[in-house]
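The values are calculated or read from the model by the stated rules, or taken from the named source; none is laboratory data. None of these values were measured; they are calculated from a predicted model. Because the Cβ atoms are built from the backbone with ideal geometry, glycine has one as well, and the counts that use them run over all protein chains shown. Ligands, DNA and RNA are excluded from the accessible area calculation, which covers all protein heavy atoms including side chains. Shrake-Rupley method; radii C 1.70, N 1.55, O 1.52, S 1.80 Å.
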Amino acid sequence: MEVNRGQNGIQQLLAAEQEAQHIVNAARNAKMARLRQAKEEAGKEIAEYRAQVEYQFQKKVAESSGDSGANVKRLEIETDAKINHLKNEAARISHDVVGMLLKNVTTVRN
């Protein structure tokens, strides 16, 4: 009878151990499923944020490139005006500069 009770106790322990193992496995699987779900949700949030930031960046690029065309045109006009001014000044004083150079080259000093 004692042997029977010992066998019965061992069987109960094995059954309890198997049940505990099933509970642990179920909890582990639930945890892994929740982690997978959290990872997918985080991936979606990251993609949405990235799309939003990219949209804002493209919007700013489009706004600044429109102004850039006007700035380029203004700078071209200013540059052309400065070049024309320098050409006019060079033409106006070139005769005097050539005369001064000839005078200094032909004058002999001791």
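For this structure, a couple of remarks:
- Residue pairs meeting the criteria (Cβ under 6 Å; at least 6 apart or on separate chains; first on the phi > 0 side of the Ramachandran plot, in the stretch 16-35; second open to solvent by less than 70 Å² (accessible area, probe 1.4 Å) and among the aromatic types (Phe, Trp, Tyr)): none
- Enumeration of residues in the stretch 93-110 that are within 59 Å of the chain's Cα centre (by Cα) and of a type in the set (Gly, Ala, Ser): Ser94
- Of the residues Glu45, Glu17, the single one that is more than 46 Å from the chain's Cα centre (by Cα), part of a helix (DSSP H, G or I) and of a type in the set (Asp, Glu) is Glu17.
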